[in-house]
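Beneath this line is the structure, given in structure tokens, with notes to follow.
The values are calculated or read from the model by the stated rules, or taken from the named source; none is laboratory data. Keep in mind the model is a prediction, meaning the values are calculated, not measured. Cβ coordinates were reconstructed from backbone atoms using ideal geometry, including for glycine residues, and neighbour counts include every protein chain displayed. Quick note on the areas: whole protein, heavy atoms, side chains included, nothing else; ligands and nucleic acids left out. Shrake-Rupley method; radii C 1.70, N 1.55, O 1.52, S 1.80 Å.
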Amino acid sequence: MIHSTRRRFLKTTAALASFFSLNSLATKAKPVSAPIVISTWNFGKEANVEAWKVLAAKGRALDAVEQGVWVPEGDPKEMSVGLGGLPDRDGRVTLDACIMDEHANCGAVLCLEHIVHPISVARKVMEKTPHVILAGDGALQFALANGFKKENLLTPESEKAWKAWLKEAKYKPVANIENHDTIGMVALDSSQNLSGACTTSGMAYKMRGRVGDSPIIGAGLFVDNEVGAATSTGLGEEVIRICGSHLVVELMRQGNSPQEACEKAVKRIVKNQPEKSKEIQVGFLALGKNGDYGAYALQPGFTYAVYSNEIPNTIFKANSYYSG
Ligand code: ASP
């Protein structure tokens with residue numbers, strides 16, 4: 001009798017122990033040692049290569065993310081970031097970018113024209129001014145005063161696409177749900193410091209002056225060096241409504257894994273806008289202070305690239321709230 005009670009007790013504790021260890025495995029996921037860089041979409045893979053050069057040489061995460069996002073910014077074939085970005089409805093390429101470091105220093109440019117690397121102007125705003133955001137002509141004036149070159153960003157391909165759009169000129173910004181859009185990149189360096197960068201030409205054929213989530217600290221990007229970093233892509237208005245990247249980081253602070261935090265942020269969008277969320281794309285990507293990372297999107301198709309000593313620059317598909 002005593003034996004059988006004890007056996008039952010042992011069985012129950014073993015079952016409970018295995019339940020809890022499985023459960024914690026399921027929620028904890030894959031911490032990876034620093035350094036690590038993660039970034040949105042397939043073009044993140046090429047961007048990661050440049051970021052990794054900085055990280056592998058024990059450089060700062062801040063330099064890594066700036067160098068990384070330079071790749072799509074400078075690539076005329078990428079029609080959603082920097083040079084060659086699709087213009088607004090008036091045919092002007094207007095760029096949005098922000099950057100944030102481990103000390104909560106941050107800088108952003110909104111609706112900046114004629115400059116190929118808005119991320120570096122954002123960094124200058126952070127480092128050379130007492131402000132966080134410069135917008136429009138003021139941002140351009142600041143860039144030119146700081147040695148940036150004025151260039152034409154509208155490539156023949158982007159101009160052609162815009163002229164084709166003009167024939168119908170339907171104002172329904174399309175949130176692309178595959179391999180393009182904004183590059184958001186977050187990194188943890190070998191000194192265990194986090195930084196992030198986010199840069200985009202925004203929604204194609206947007207209203208003049210429209211700014212999305214990407215250059216808004218707390219929406220398109222947020223870094224808290226004690227907890228983690230997050231970035232987003234997709235329909236910026238919906239991300240702004242929930243202060244998306246800040247929400248993801250705060251959910252991580254409350255004990256959620258990066259994966260759980262991204263999922264909860266996406267579900268918040270669904271809860272707020274159940275009908276609209278069926279038709280739009282939003283994706284979050286998050287990196288924890290311990291190298292754990294996660295991603296989640298509304299729709300299938302969101303990909304992200306991870307580069308660390310353990311993970312040789314690999315593209316992953318994010319899980320999504322809606323199935324394909
Ligand atoms: N988030 C960007 C914006 O709303 C665009 C995108 O990532 O698709 O401007």
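Which of the strands (runs of 3 or more DSSP E) found entirely inside region 99-210 contain at least 1 residues meeting this: open to solvent by less than 70 Å² (accessible area, probe 1.4 Å), farther than 27 Å from Lys45 by Cβ and of a type in the set (Gly, Ala, Ser)? Lay out the reasoning, then the answer.
Values: elements: 106-112, 133-135, 183-188, 194-200.
Because the criterion is at least 1 residues that are open to solvent by less than 70 Å² (accessible area, probe 1.4 Å), farther than 27 Å from Lys45 by Cβ and of a type in the set (Gly, Ala, Ser), the strands (runs of 3 or more DSSP E) in region 99-210 that meet it are 133-135.
Any idea which residue in region 221-274 is farthest from the ligand (Cβ to nearest atom), counting only those that are under 17 Å from Thr40 (Cβ atoms) and among the acidic types (Asp, Glu)?
Glu263
Scan region 185-202 and tell me whether some residue there is over 27 Å from Asn48 (Cα atoms) and either at pLDDT 95 or above or of a type outside the set (Lys, Arg) (or both). Before you say what the answer is, go through the steps one by one.
Pass one, region 185-202, residues over 27 Å from Asn48 (Cα atoms): none.
No, that holds for no residue.
Taking Gln141 as meeting all but one of (1) farther than 29 Å from Pro35 by Cβ; (2) touching a Gly at 6+ places or on another chain (Cβ under 9 Å), write down the number of the exception.
Among (1) farther than 29 Å from Pro35 by Cβ; (2) touching a Gly at 6+ places or on another chain (Cβ under 9 Å), Gln141 violates only (2).
So the check is Cβ under 6 Å with 6+ separation or different chains; which pairs have a first residue in region 72-87 that's under 16 Å from Tyr205 (Cβ atoms) and a second one that's charged (D, E, K, R) and assigned to a loop (DSSP other than H, G, I, E, B)?
Ser80/Asp181
Does Val116 satisfy the condition of being over 23 Å from Gly228 (Cβ atoms) and either among the hydroxyl-bearing types (Ser, Thr, Tyr) or touching a strand residue (DSSP E or B) at 6+ places or on another chain (Cβ under 8 Å) (or both)? Don't jump to the end; show me each part of the working.
Values: over 23 Å from Gly228 (Cβ atoms): yes; either among the hydroxyl-bearing types (Ser, Thr, Tyr) or touching a strand residue (DSSP E or B) at 6+ places or on another chain (Cβ under 8 Å) (or both): no.
Considered against the rule, which asks whether it is over 23 Å from Gly228 (Cβ atoms) and either among the hydroxyl-bearing types (Ser, Thr, Tyr) or touching a strand residue (DSSP E or B) at 6+ places or on another chain (Cβ under 8 Å) (or both), Val116 comes out as no.
Only one residue in Arg8, Arg92 is among the charged types (D, E, K, R), more than 26 Å from Gly294 (Cα to Cα) and modelled with pLDDT of 95 or more, so which one is that? Explain how you work it out, then say what you get.
Details: Arg8 fails: modelled with pLDDT of 95 or more.
After ruling out the rest, the residue left standing is Arg92.
Return the residues of region 76-88 that are more than 16 Å from the ligand (Cβ to nearest atom) and either in a helix (DSSP H, G or I) or charged (D, E, K, R) (or both); say none if nothing qualifies.
To start, the set of residues in region 76-88 that are more than 16 Å from the ligand (Cβ to nearest atom) comprises 76-77, 83.
Correct list: Lys77 only.
Name, by its number, the condition in (1) more than 16 Å from the ligand (Cβ to nearest atom); (2) crowded, with 21+ Cβ neighbours inside 10 Å that does not hold for Gly91.
All conditions pass for Gly91, except number (2).
In the list Ala51, Ala34, Ala64, Ala47, which residue meets the criterion of being of a type in the set (Gly, Ala, Ser) and either modelled with pLDDT under 95 or outside any helix (DSSP H, G or I) (or both)?
Working: Ala51 fails: either modelled with pLDDT under 95 or outside any helix (DSSP H, G or I) (or both); Ala64 fails: either modelled with pLDDT under 95 or outside any helix (DSSP H, G or I) (or both); Ala47 fails: either modelled with pLDDT under 95 or outside any helix (DSSP H, G or I) (or both).
Selected residue: Ala34, the only one of Ala51, Ala34, Ala64, Ala47 that is of a type in the set (Gly, Ala, Ser) and either modelled with pLDDT under 95 or outside any helix (DSSP H, G or I) (or both).
Kindly indicate whether Gly212 is modelled with pLDDT of 95 or more and more than 7 Å from the ligand (Cβ to nearest atom).
Details: modelled with pLDDT of 95 or more: yes; more than 7 Å from the ligand (Cβ to nearest atom): no.
It is false that Gly212 is modelled with pLDDT of 95 or more and more than 7 Å from the ligand (Cβ to nearest atom).
Just checking: which of the helices (runs of 4 or more DSSP H) contained wholly in region 219-324 hold 2 or more residues that are open to solvent by less than 40 Å² (accessible area, probe 1.4 Å), among the small types (Gly, Ala, Ser) and touching a Ser or Thr at 6+ places or on another chain (Cβ under 8 Å)?
Numbers: elements: 236-241, 244-253, 258-272.
Here the list reads 244-253.
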